[in-house]
Amino acid sequence: MAAYAHPEVLVDTSWVKGNIGNQSVRIVEVDYDPIANYNLGHIPGSVLIDWRKDINDPVRRDIVSKEDLEALFGRLGISNDHRIVLYGDFNNWFAAFAFWVFKYYGVDNVVLLNGGRKKWIEQDLPVTKDVPSFPATTFTAKEPDETLRVYLAYVREAYKQAGKVLVDVRGPKEFSGEILAPPEYPTEHAQRGGHIPGAKNIPWGQAVNDDGTFKTPEELKALYEPKGVTPDKEVIAYCRIGERSSHTWFHRAARRDLTSAVPRIRNRGNKRGSEKSFVLKVQMPSLSTARASATTGTSSGSRIRPAASPFPFPGRRTAGRR
């Protein structure tokens, strides 16, 4: 992991195993399907976040509000002093989604377990069915960081502009419109098939190894650059409901692999920006964004503080942009 500009956003299984029971660390499993995952066995001491119930608003079709996130953390015993370690099912799709949401609300000390639940299980590391209970806490989130989000109107123009490239991270059959739902959950269909005009199809799974860990910077460069995802372009990643594109957003933006960095990376990061709700909308779809330098992995642009990280990691801040 040392080859990446920001290895601090990833931890490996040995680190997590060594920190089980560490009271300054909260391990959090984020699942799409807790019944088939967390409930059957999880990392000892880990608490559960149910992706559908806990970090989505079912009425507004938006991510959880700041106030509800604070209440969730309080209920789980997570304070501002804890280091949050995220992992989950579906190859960390929903854990990466949670990572984006947490950063949107200014959560500084959060990392992702490289390889997620899949890697942990494959290494035959300890699991338990015991559900931990921690004292309730108070967590103070920050106001939404709009540098991590853009809106539908922007994308309506962006896909027609030179210097910008859209990356559809779904599978080829979803991209072509042959199927309307991913194989992993075939009953959840998009409203219509196909893709945004001009988008490049780079499925999320091509960026990971068989054990679920991220590929090397050199491998990622070889994956993206032949498709036109080069350091001189702004990138917008999207999928159906934002979980797979959050996974791509994480390794492209949070990890800042130096050999394939781009000036700006944006992700259609929630339900409001999904193919599923692109036609039948309750509110205007929105997207998430991260800026980074093409050579240093630091933030760039006239509204970004010099030498800032792509994300607000401890001690580093990204300037606001409206």
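Here are the numbers for the structure shown:
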item: Segments classed as helices (runs of 4 or more DSSP H), wholly inside region 1-109, with at least 2 members that are under 25 Å from T138 (Cβ atoms) and not aromatic (F, W, Y); result: 51-54, 66-76, 89-104
item: Qualifying residue in region 128-141 (condition: surrounded by 14 or more Cβ atoms within 10 Å (Cβ to Cβ), without any contact (Cβ under 8 Å) to a residue 60 or more places away in the chain and not aliphatic (A, V, I, L, M)); result: no
item: Matching residues in region 24-44 - criterion: being surrounded by fewer than 18 Cβ atoms within 10 Å (Cβ to Cβ), touching a residue at least 40 places away in the same chain (Cβ under 8 Å), out of contact with any Phe, Trp or Tyr (no Cβ under 9 Å at 6 or more places or on another chain) and not hydroxyl-bearing (S, T, Y); result: A36, N39, L40, G41, P44
item: For E219: the one exception among (1) over 20 Å from A95 (Cα atoms); (2) touching a Phe, Trp or Tyr at 6+ places or on another chain (Cβ under 7 Å); (3) at pLDDT below 95; result: (2)
item: Residues within region 163-188 that are farther than 19 Å from F94 by Cβ and surrounded by fewer than 15 Cβ atoms within 10 Å (Cβ to Cβ), tallied; result: 6
item: Matching residues in region 191-208 - criterion: being in contact with a Gly (Cβ under 9 Å, 6 or more places away or on another chain) and over 23 Å from V235 (Cα atoms); result: R192
item: V64 being over 19 Å from the mean Cα position of the chain (by Cα) and assigned by TED's automatic domain parsing to the domain that holds E29; result: no
item: Check on V131, within 15 Å of H42 (Cβ to Cβ), assigned to a loop (DSSP other than H, G, I, E, B) and of a type in the set (V, I, T); result: yes
item: Which listed residue is in contact with an Asp or Glu (Cβ under 8 Å, 6 or more places away or on another chain), charged (D, E, K, R) and either under 27 Å from L125 (Cβ atoms) or not assigned by TED's automatic domain parsing to the domain that holds L113 (or both), from D57, D12, D33; result: D33
item: Hits in region 134-177 - residues which are under 27 Å from E225 (Cβ atoms) and in a loop (DSSP other than H, G, I, E, B); result: Y159, K160, Q161, A162, G163, V169, R170, G171, G177
item: Candidates D62, D50, D57, D145 - the one that is without any contact (Cβ under 8 Å) to a residue 12 or more places away in the chain and farther than 19 Å from V25 by Cα; result: D57
item: Residues of region 91-103 classified as more than 9 Å from the chain's Cα centre (by Cα) and either surrounded by 24 or more Cβ atoms within 10 Å (Cβ to Cβ) or among the β-branched types (V, I, T) (or both), total; result: 1
item: Any chance Y224 is among the aromatic types (F, W, Y) and part of a loop (DSSP other than H, G, I, E, B); result: no
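Here's the yes/no breakdown for (1) closer than 25 Å to Y104 by Cβ; (2) among the β-branched types (V, I, T):
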residue: G21; (1), (2): no, no
residue: S24; (1), (2): yes, no
residue: I27; (1), (2): yes, yes
residue: G45; (1), (2): no, no
residue: D57; (1), (2): yes, no
residue: L76; (1), (2): yes, no
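The values are calculated or read from the model by the stated rules, or taken from the named source; none is laboratory data. Just so it is clear, the structure is predicted and the values come from calculations on it, not from any experiment. Glycine also receives a Cβ, built like all others from the backbone with ideal geometry; neighbour counts cover every protein chain displayed.
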